[in-house]
Every structure is written in structure tokens, then in C-alpha cells.
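> Got a structure here, written out as C-alpha cells. Questions coming.
No lab work stands behind these numbers, since they all come straight from the coordinates. Quantities reported herein were computed from a predicted structural model and do not represent experimental measurements.
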């Protein structure tokens, strides 16, 4: 993940969105932090959360 910003290169593609979907589901249904900020996958997920005016980051979380 350190050689390129996304799994498929300079911009996200199908593989990025499929894997991100699993992380997003877990983020929305659980309060548990799956990734430590030191994890090399963390910046990749953050880039996807930040895309499209932070649309994914604004998703409703069902955590109480």
C-alpha cells in the first residue's frame, strides 16, 4: 500500500471499493476501531473515506 495510493494504482477501482465496503460495514455496525493509525492500511481507508466530499465518512453509524 505504500507504493501507490490505491490497490489498483493512482485512483480507486473495483478492488478498492469491494474491500473498502467490508471495512465500511464494520465501521457502521461496530464501535471497535479495526485499524490502528500505524497500520499501513489505515491511510488507504482514510483516502476512501475522504472521497466524494467525505460521503462515506458521513455514513450513519448504528453504534450506541
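> Tilt of helix 14-29 relative to the longest C-alpha principal axis of the chain, in degrees (0 to 90, nearest 10)?
20
> Something else about it: What fraction of the Cα pairs in the chain, stated in percent, has a spacing above 19 angstrom? Can you show the working numbers first?
Details: 577 of 2016 pairs.
So the portion of pairs separated by more than 19 Å is 29 percent.
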